[in-house]
Amino acid sequence: MRIAAAGSGGAMNIFCDECKKNIATVFLTKISGNEVSKVQLCEDCANRMEETTEAANLLAFLPQILSGLQSAEQEHLVEDVLSAELITCGLCGTSFNDFQKMGFLGCEGCYEAFGESLEGVLFDFQEATEHIGKIPGKASESARLRKRLVELERHLERQIAEEEYEAAAAVRDQIKEVEGKLELEAERGKE
Amino acid sequence: MAKSKAPRTGAYWLGQQGPGYPLVLSCRARIARNLEGLPFPISAGEEDLERSRGMVLEAVSRRVAEDRDWEVRFAEELSRNELEMMAEEHVTSASFADRVGGRAVAIGPADGRSVMVNEEDHVRIQAILPGAQFMKVWKAADDIDSRIETEVQYCFDQKVGYLTSCPSNVGTGLRVSAMLHLPALVITGEIGKTISALGQAGIYVRGLYGEGSGVAGNLFQISNRQTLGRTEEFIISNMDMIVRQVVDNERTARKMMLREDPLDLTDRVYRGLGVVERCRRVGYYEALELISLVKLGVDTEVLPVSEFNILEVGVGVGPYHLRELLGGEAGEEEVDRERSVHLRRTLDL
């Protein structure tokens with residue numbers, strides 16, 4: 001293993017990496033992509049760099065995803081995004097455009113109001129669209145069943161991958177049973 | 001280590017050692033929740049903020065605190081210094097102090113548990129412990145969550161789970177993190193590979209103060225990126241496994257440094273010690289770098305300096321902790337001067 005040379009051996013460099021004149025008092029480890037480098041700066045240069053880089057670093061992740069979406073070649077996708085910007089949540093008045101700028105939703109209603117556009121964002125960020133974790137103790141029976149269904153489906157996929165066909169058949173039966181219960185719950189909800 | 005005179009706002013874990021010490025300094029589980037029927041804090045007016053604060057604190061007082069000694073602090077009643085000190089200690093987030101109206105934090109009796117109210121979300125439950133104790137912090141936070149939930153109705157969607165103000169927290173609302181000290185990986189340049197691998201594994205790598213903060217003192221905070229489509233148990237066990245791997249890498253890098261170029265290691269840590277011993281003023285970030293080098297020298301038994309906890313010393317020389325020590329109104333130069341003195345005193349130099 002090679003020991004990185006920066007700052008080691010010979011006289012210790014005490015001057016600012018940027019202006020090379022003032023004594024460095026700000027020491028930073030920069031991470032950009034996979035690269036890690038140490039920089040030492042004087043206060044003036046550090047302040048100057050902070051102004052330019054902080055703003056860039058602090059930009060929320062979400063707009064990046066959306067701009068990625070906009071750079072997609074399919075024109076209809078761009079149109080979708082543009083029309084999505086105009087959607088406004090009827091409950092709190094937050095627009096999708098506001099969300100893109102700030103990275104925050106205004107209320108629970110935004111999740112429904114921004115529907116598919118938000119689902120795209122969720123998928124890009126979370127690489128998933130369905131919750132399979134804890135559910136509230138007071139959650140409806142159908143929330144429990146949905147969670148159970150997702151678990152069983154994953155289980156089934158694993159067993160098919162491992163060629164455990166007999167066990168897979170049993171899981172399939174369980175899935176049918178849960179799906180039946182879910183339908184019943186849905187009907188009960190309509191009543 | 002000399003008893004630190006630095007004031008504390010509630011972070012008892014700072015001076016303690018847990019599993020994985022001295023490479024894993026602390027671990028944290030944080031759960032984000034919102035109350036049904038009220039706008040998220042970011043778009044809520046004064047009345048709604050008061051309402052959600054009242055509901056959450058009531059639930060904490062009835063179900064979590066019970067007869068035990070929880071302390072409630074209303075943000076608007078705290079001084080700027082007190083707010084910033086809580087952030088330096090990670091009792092609250094850095095952005096908690098940005099807006100004080102309607103915000104509060106309830107702090108458990110010296111057990112690392114707290115509930116932040118009306119920051120980004122109505123409820124932010126946090127449990128911190130020294131070292132790598134991921135299952136324990138999750139259980140502690142989960143317990144508070146279940147208790148609060150018996151008193152309030154959370155925003156929950158059957159498909160995407162618990163709804164949060166930022167979709168990066170939706171689903172479980174769970175962010176689990178670890179604070180790691182990785183000087184050998186940085187010095188040997190191996191940290192690049194580690195960060196790249198962590199990125200691919202869906203792990204964020206940030207500095208001491210999380211989102212938007214630079215890395216200083218070779219202190220890295222790593223946390224799960226995804227909160228949706230995974231169970232809490234998966235998120236926790238995955239983080240536990242990943243931290244073990246990173247810690248292994250750091251240990252290997254330290255052994256390599258000692259074996260392949262012991263003079264370089266010795267030279268580096270003694271230079272760090274030399275500056276700490278002689279400096280007459282020192283900025284925060286430089287101090288963190290120096291403390292890191294000295295700590296590496298202590299861990300590798302190269303330096304004749306007694307054992308200290310880097311997180312405790314690091315937080316103790318934070319600008320707001322020093323300002324508090326100096327009486328609240330001290331200027332930057334005075335703080336930098338005090339830092340050099342304070343550093344020698346806490347390290348027994």
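We did not get these values from a lab; they are worked out from the coordinates using the rules stated. In this text the structure is predicted, and so the values were computed from the model without any measurement. Backbone-built Cβ (ideal geometry, glycine too); neighbour counts: all protein chains shown.
Shown here for the range B:17-52: GluC sites (Glu not before Pro) in loop regions (DSSP other than H, G, I, E, B) with at most 15 other Cβ atoms within 10 Å, namely B:GLU36. Within 10 Å of each candidate Cβ there may be at most 16 other Cβ atoms; applying that plus a DSSP loop requirement, which GluC sites (Glu not before Pro) in the range B:91-177 survive? Filter output for the range B:91-177: B:GLU151.
When the helix-only estimate is applied to the protein assembly as shown (DSSP H runs of n ≥ 4, each -39,500 (n - 2.57), divided by the residue count), what is the mean residue ellipticity at 222 nm, nearest 500 deg cm²/dmol?
For the protein assembly as shown, the value works out to -15000 deg cm²/dmol.
Put a plus charge on the Cβ of each Lys and Arg, a minus charge on the Cβ of each Asp and Glu, and nothing anywhere else: the dipole of the range A:113-164 about its Cα centre is then about 520 debye. Against chain B, whose longest principal axis comes from its Cα atoms, helix B:191-200 is set at around 20 degrees.
Mind counting lysine pairs for me in chain B? Cα separation below 26 Å, and the two need to be 8 or more apart along the chain or on different chains. Write out the running numbers ahead of the final one.
Numbers: B:LYS3/B:LYS295; B:LYS5/B:LYS295; B:LYS139/B:LYS159; B:LYS193/B:LYS255; B:LYS193/B:LYS295; B:LYS255/B:LYS295.
Here the count comes out as 6.
Calculation over all alpha carbon pairs of the range B:2-251 in 5 angstrom steps from 0 returns a P(r) of 1, 6, 13, 18, 20, 17, 12, 7, 4, 1, 0 percent. Placing unit charges on the Cβ atoms only, positive for Lys and Arg and negative for Asp and Glu, gives the range B:261-346 a dipole magnitude near 240 debye about its Cα centre.
Based on the Cβ-Cβ distance of A:ALA167 and A:GLU127, what FRET efficiency does E = 1/(1 + (r/R0)^6) give at R0 = 30 Å, to the nearest 0.05? The computed FRET efficiency comes out at 0.60. For helix B:134-149, what angle does its Cα long axis make with the longest principal axis of chain B, in degrees from 0 to 90 and rounded to 10? Value to nearest ten degrees: 20. Ordering A:GLU183, B:GLU338, B:GLU250 from the fewest to the most neighbouring beta carbons within 10 Å gives A:GLU183, B:GLU338, B:GLU250. Restricting the calculation to alpha carbons of the range B:232-298 gives Rg and Dmax of 16.3, 49 angstrom.
Each 20 Å bin from zero holds the following percent of Cα-Cα pairs in the protein assembly as shown: 20, 52, 26, 3, 0.
With the convex hull of its Cα atoms as the shape, the range B:261-346 has an orientation-averaged projected area of 5.2 nm². FRET efficiency for the B:TYR21 to A:GLU185 pair, using the beta carbon distance and R₀ = 56 Å, is estimated at 0.65. Between the residues A:LEU156, A:GLY115, A:ASN97, the greatest Cα displacement towards the positive end of the dipole of the protein assembly as shown, with unit charges on the Cβ of Lys, Arg, Asp and Glu, is found for A:LEU156.
Compared with the dominant Cα axis of chain B, that is its longest principal axis, helix B:284-299 is turned about 70°. When +1 charges are put on Lys and Arg Cβ atoms and -1 charges on Asp and Glu Cβ atoms, the dipole computed for the range B:2-251 relative to its Cα centre reaches about 800 debye. Applying both filters, DSSP loop and at most 12 other Cβ atoms within 10 Å, to the trypsin sites (Lys or Arg not before Pro) of the range B:38-71 gives B:ARG68.
Applying 1/(1 + (r/R0)^6) with R0 = 45 Å to the Cβ-Cβ distance of B:GLU301 and B:VAL100 gives a FRET efficiency near 0.45.
Computed from label points 7 Å out along Cα-Cβ, the spacing between A:LYS101 and B:ARG251 is 5.2 nm. The fewest-to-most ranking of B:MET135, B:MET55 by surrounding Cβ atoms within 10 Å reads B:MET135, B:MET55.
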